[in-house]
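Chemist: Here it is, the structure, as structure tokens.
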Amino acid sequence: MLEEVERWLGARSWSATDRPLERLISAKRASGIKVSVVLPALNEEETVGAIVEVIRRDLMDSLPVPLVDELVVIDSGSSDRTSEVAAKAGARVVHRDDILPRVPAVPGKGEVLWRSLLVTSGDVVCFVDADLRDFSAAFVSGIVGPLLTEPDVQFVKAMYDRPLGDAPGQGGRVTELVARPLLNLHWPQLAGFVQPLGGEYAVRRSLLERLPFPVGYGVELGLLVDALHTAGLDALAQVDVGVRLHRHQDGRALGRMAAAIYRTAQLRLSRGHLVRPELTQFERGPDGFEPHTYPVDTVERPPMRGVEEYAHRRVA
């Protein structure tokens, strides 16, 4: 298995600088592939505008052939000015609850990503988290690139350094403590992914519409594992885009994230009964440590191609 991972790393790991923008524009013109970029957003007024501005300036408005055809921010119920800021910067803003209203929405990032397939039209869908700082257009062009130049590649993850404060490489704590051990133990073919939980990845729609979407924090691991089983290892790739700066979660939020990721892995390992889909954590109160119990995401949305509204939209 180690030999297979090493072979994959040599054949399917690139740098964003390997494919200059001029090459990508030429490949896009020749292929006719359309690219949609989706930013799932919840209370990200401080960062979403700058991300949208960079994508519009560097990958849409200044090019003879836009690399990005569609830029959509999906607002999942923000209480701040996220929608206003994103629209002013040049994105099309869609509210989560306005998409597929017959299916009541549940909280979670995966829920937003799943619904985004109904309001985008690109042959390639590129997801980018909306809390990134010092954003570079290479986060998009880098991961879209292999899908324009390598016909056999279907799913591309970004890889990057994730500093935590002044400590290089110490971000991604849930990745190192939960996701990486799970992948190495149970899906060793995926051991070569540097950032398996990263929120920046581009996928051919023809694959995305065949995959179930965990509604919460487990969506990245779930999509990666299911893509492996659906398309095979050589359809997956990763691209180095540099450094990722973003807002870090506190320890309790990371615990809830870890529980959801473990549950996502468990479901894929057994498809069996979940004994207790809850997580109890503790906070010190005036009378000592107080328990707080949170539900662990147990809902998954079915592959989009089985949704009636999506099928009708595709026919149209």
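The values are calculated or read from the model by the stated rules, or taken from the named source; none is laboratory data. Quick caveat: nothing in here was measured; it's all calculated off a predicted structure. All Cβ positions, glycine included, derive from the backbone under ideal geometry; neighbour counts span all protein chains shown.
Chemist: Collect the residues in segment 79-92 that are in contact with a strand residue (DSSP E or B) (Cβ under 7 Å, 6 or more places away or on another chain) and buried (at least 20 other Cβ atoms within 10 Å of the Cβ), keeping them in residue-number order.
Modeler: Hits for segment 79-92 are 82, 86, 91.
Chemist: Any residue in segment 111-136 that is on the phi > 0 side of the Ramachandran plot sitting within a Cβ distance under 9 Å of a residue that is modelled with pLDDT of 95 or more? List the pairs, counting only those 6 or more apart or interchain.
Modeler: As it stands, the answer is 134/50, since those pairs meet every condition given.
Chemist: Is at least one residue of segment 150-167 part of a strand (DSSP E or B), more than 16 Å from residue 238 (Cβ to Cβ), out of contact with any helix residue (DSSP H, G or I) (no Cβ under 8 Å at 6 or more places or on another chain) and among the small types (Gly, Ala, Ser)? Full working, then the answer.
Modeler: Taking segment 150-167 as the starting set, the residues that turn out to be part of a strand (DSSP E or B) are 155-161, 164, 167.
This time we only want the ones that are more than 16 Å from residue 238 (Cβ to Cβ), so: 164, 167.
Restricting the remaining residues to those that are out of contact with any helix residue (DSSP H, G or I) (no Cβ under 8 Å at 6 or more places or on another chain) gives 167.
Among the residues that remain, those that are also among the small types (Gly, Ala, Ser) are: 167.
Yes.
Chemist: Could you please let me know if residue 142 is in contact (Cβ under 8 Å) with a residue 60 or more places away in the chain, of a type outside the set (A, V, I, L, M, F, W, C), assigned to a helix (DSSP H, G or I) and under 20 Å from residue 51 (Cα atoms)? Break it down stepwise before answering.
Modeler: On the way: in contact (Cβ under 8 Å) with a residue 60 or more places away in the chain: yes; of a type outside the set (A, V, I, L, M, F, W, C): yes; assigned to a helix (DSSP H, G or I): yes; under 20 Å from residue 51 (Cα atoms): yes.
The answer is yes for residue 142.
Chemist: Another question, if that's okay. From the list 27, 11, which residue is buried (at least 16 other Cβ atoms within 10 Å of the Cβ), over 21 Å from the mean Cα position of the chain (by Cα), in a helix (DSSP H, G or I) and not β-branched (Val, Ile, Thr)? I'd like the intermediate steps shown before the answer.
Modeler: Working: 11 fails: buried (at least 16 other Cβ atoms within 10 Å of the Cβ).
The conditions single out 27.
Chemist: Residue by residue through segment 60-102, note down the ones that are among the aliphatic types (A, V, I, L, M), at pLDDT 95 or above and outside any helix (DSSP H, G or I).
Modeler: Restricting attention to segment 60-102, the residues satisfying the condition of being among the aliphatic types (A, V, I, L, M) are 60, 63, 65, 67-68, 71-74, 85-87, 89, 91, 93-94, 99-100.
Those still in the list that are at pLDDT 95 or above too: 60, 67-68, 71-74, 85-87, 89, 91, 93-94, 99-100.
Residues satisfying the conditions are 67, 68, 71, 72, 73, 74, 91, 93, 94, 99, 100.
So that you can scan it fast, the table gives a plain yes or no per residue for (1) assigned to a loop (DSSP other than H, G, I, E, B); (2) more than 21 Å from residue 123 (Cβ to Cβ); (3) among the β-branched types (Val, Ile, Thr); (4) modelled with pLDDT of 95 or more:
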position: 170; (1), (2), (3), (4): yes, yes, no, no
position: 175; (1), (2), (3), (4): no, yes, yes, no
position: 179; (1), (2), (3), (4): no, yes, no, no
position: 185; (1), (2), (3), (4): no, yes, no, no
position: 193; (1), (2), (3), (4): yes, yes, no, no
position: 198; (1), (2), (3), (4): yes, yes, no, no
position: 217; (1), (2), (3), (4): yes, yes, no, no
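To keep it simple, each residue is scored yes or no on (1) assigned to a helix (DSSP H, G or I); (2) under 30 Å from residue 79 (Cα atoms).
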site: 17; (1), (2): yes, no
site: 33; (1), (2): no, no
site: 39; (1), (2): no, yes
site: 44; (1), (2): no, yes
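Let's see how each residue does on (1) within 14 Å of residue 155 (Cβ to Cβ); (2) surrounded by fewer than 22 Cβ atoms within 10 Å (Cβ to Cβ); (3) not aliphatic (A, V, I, L, M):
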residue	(1), (2), (3)
184	no, yes, yes
193	yes, no, yes
226	yes, yes, yes
231	yes, yes, no
